[in-house]
Amino acid sequence: MKNGFDVHLAVTPTLFIGKWTVRVLFLLKEQPYRHAQLRRRLGAISQRMLTRTLRNLESTGLISREVTQSRSVTVSYSLTKLGRSFMVPANSVCRWLDRNRTGLRATIDLTK
């Protein structure tokens with residue numbers, strides 16, 4: 001049986017796969033978005049990568065996908081309750097990164 005630390009190490013990469021995951025979460029923190037709206041807001045992401053990122057986040061339970069029938073079918077994405085609770089530690093990590101930006105630049109290229 002794995003201890004708690006091993007479980008955390010196994011789950012963490014799943015949550016943070018790809019450079020777009022946290023960006024999508026922070027956008028969805030503002031409001032629900034449709035796929036095309038997210039793609040416009042993110043800029044350089046490909047449609048394929050956005051779809052993969054959204055599917056990953058949906059499978060982890062951090063976002064939900066809502067299909068609405070109107071004249072045409074619309075699909076929107078929003079944070080779940082779990083996703084909103086995840087944003088609390090994510091905000092803390094972002095604040096830590098801001099405070100330590102200078103020290104991190106020495107080892108990580110933050111300009112990309």
Open item on the list: Looking at Ser78, Ser64, can you tell me which residue is modelled with pLDDT of 95 or more and touching a Pro at 6+ places or on another chain (Cβ under 8 Å)?
Closed with: Ser78
Open item on the list: Looking at Gln37 and the list (1) touching a helix residue (DSSP H, G or I) at 6+ places or on another chain (Cβ under 7 Å); (2) exposed (fewer than 15 other Cβ atoms within 10 Å of the Cβ); (3) not small (Gly, Ala, Ser), which single condition is not satisfied?
Closed with: (1)
Task: Unique match (being of a type in the set (Val, Ile, Thr), in contact with a strand residue (DSSP E or B) (Cβ under 7 Å, 6 or more places away or on another chain) and in contact (Cβ under 8 Å) with a residue 12 or more places away in the chain) among Val75, Val67 - done: Val75
Task: Residues of the stretch 51-79 satisfying the condition of being under 15 Å from Thr21 (Cβ atoms), surrounded by 17 or more Cβ atoms within 10 Å (Cβ to Cβ) and hydroxyl-bearing (Ser, Thr, Tyr) - done: Thr53, Thr60, Tyr77
TODO: Could you please give the count of residues in the stretch 27-64 that are part of a strand (DSSP E or B) and either closer than 20 Å to Phe86 by Cα or in contact (Cβ under 8 Å) with a residue 60 or more places away in the chain (or both)?
DONE: 3
TODO: May I ask you to verify whether Arg48 is modelled with pLDDT under 90, loosely packed, with under 11 Cβ neighbours inside 10 Å and basic (Lys, Arg)?
DONE: no
- [ ] Name the residue, out of Leu38, Leu27, Leu54, Leu15, that is modelled with pLDDT of 85 or more and under 23 Å from Leu97 (Cα atoms).
- [x] Leu27
Open item on the list: Quick test of your reading of the structure: Thr21 fulfils all but one of (1) at pLDDT 95 or above; (2) surrounded by 12 or more Cβ atoms within 10 Å (Cβ to Cβ); (3) not hydrophobic (A, V, I, L, M, F, W, C). Name the failing condition by number.
Closed with: (1)
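The values are calculated or read from the model by the stated rules, or taken from the named source; none is laboratory data. Since the structure is predicted, the reported quantities are computational estimates derived from the model, not experimental observations. Cβ: placed from backbone, ideal geometry, glycine included. Neighbour counts: every protein chain shown.
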